[in-house]
Amino acid sequence: MANNGKLSSADIIKLLNKKAGRNIAYSLAKDNPTEVKEWISTGSRYLDSIICRGQLAGIPVGKITEIAGLSSSGKSYMAAQIARNAQHMGIKVVYFDSENAQDPAFLENSGCDITSENGVIYLQAQWTEQVLEMIETLLATGEKYLFIWDSLANTPAKADIEGDFNPQSSMAVRPRILSKGLAKLVQPIGDSKSTFLILNQLKTKITSNAWEALADPWFTPGGMAAIYNYSLRIWLTASKSKRTFIEDDKGYRIGTEVKSKLKKSRFGTEGRTCNFKIIWGDPKQIGILDEESWLEAIKPSNHLTSAGAWYKLDGYDKKFTGSQFANLVRTDAKFKDLVLKIMDDEVIRKFDAREGNASKFYDHEEEVKQIKEK
């Protein structure tokens with residue numbers, strides 16, 4: 001108790017926690033329970049670099065994240081990379097599959113452990129309520145989990161399964177379930193330092209408003225309540241600057257180039273974008289081609305100059321082409337170190353310091369369309 005006879009902040013915190021039966025009150029000067037102190041890499045260092053202002057991040061531990069994308073944009077491939085990285089951190093992975101499409105060999109080729117005692121736990125997601133209830137049950141065990149739901153859009157409510165085929169008979173049931181369920185799970189997920197990754201689909205809005213169709217053409221199933229509970233929303237769409245599909249030397253399609261945009265971020269980075277490639281058709285290299293995207297990340301730097309097809313990096317005595325870049329990063333430690341220093345400066349530090357023109361950090365394509373429509 002304070003010297004003047006009044007309760008101190010520490011006394012008040014102790015009183016409130018005793019009344020609640022658990023820790024709900026904190027001194028923010030000592031410990032902020034909402035602060036993200038741990039991140040799971042997405043598999044793309046470029047994407048990790050734009051998620052949280054001022055630091056290299058990833059999927060926030062203790063929060064709910066949505067990755068939504070168009071068909072074949074690489075959602076499940078990203079989820080596999082995140083699952084692998086979570087396992088390397090000692091986090092148990094629980095994979096809810098509503099599409100009945102997950103291949104064990106695919107997870108294994110992505111680097112996931114599926115055979116040991118701590119391997120991926122796979123569940124068939126029968127209905128929405130079941131997924132939420134299973135997560136609540138597992139959170140009560142006190143373990144630290146990464147829950148992956150693939151996908152929300154394809155998981156029916158129990159009423160949908162037990163009812164008829166008339167969509168009107170169970171209209172808006174799932175959004176109401178998610179409104180209650182996610183609100184119920186937010187704090188237990190944070191308290192246990194678990195992570196909930198929800199995969200979702202981008203669907204085209206049906207609208208007569210030409211401006212809306214151009215400026216904001218997509219929506220995600222689940223309702224607004226789900227969106228309120230997300231700390232991070234990553235949208236994957238087709239890259240418009242380059243060819244969408246990646247082909248091998250014989251012309252077979254083996255991957256996709258995607259554009260990643262932070263649709264929502266509680267970490268000061270909403271609207272930031274980056275591009276990277278995902279390989280899904282070559283078993284030898286399933287996943288994100290990480291290093292290939294770093295060249296685009298450092299192109300704005302004054303430390304990188306180009307002449308025709310050749311590039312020159314300050315501090316490195318050899319010239320190189322774009323096709324040679326990724327291999328140099330993988331095989332030359334000095335080159336990689338220089339690239340990462342420049343990348344951290346260009347993508348993380350300069351954004352945090354608001355240095356330079358903001359146009360290089362954001363995608364202004366939608367804003368330009370809005371202006372034109374007006």
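Can you find, within the stretch 285-318, the residue that is surrounded by the most Cβ atoms within 10 Å (Cβ to Cβ) among those that are in contact (Cβ under 8 Å) with a residue 12 or more places away in the chain and under 30 Å from Pro104 (Cβ atoms)? Checking each candidate, the answer is Ile288. For the stretch 144-156, the count of residues that are surrounded by fewer than 21 Cβ atoms within 10 Å (Cβ to Cβ) and more than 25 Å from Ile278 (Cβ to Cβ) is nonzero.
Within the stretch 107-122, none of the residues are among the polar types (S, T, N, Q), under 26 Å from Asp191 (Cα atoms) and in contact with a Ser or Thr (Cβ under 7 Å, 6 or more places away or on another chain).
Bear in mind that the values in this text are calculations on the coordinates, not laboratory data. Please read all numbers here as calculations on a predicted model, not as lab measurements. Neighbour counts run over all protein chains shown; Cβ positions are idealised from the backbone, glycine included.
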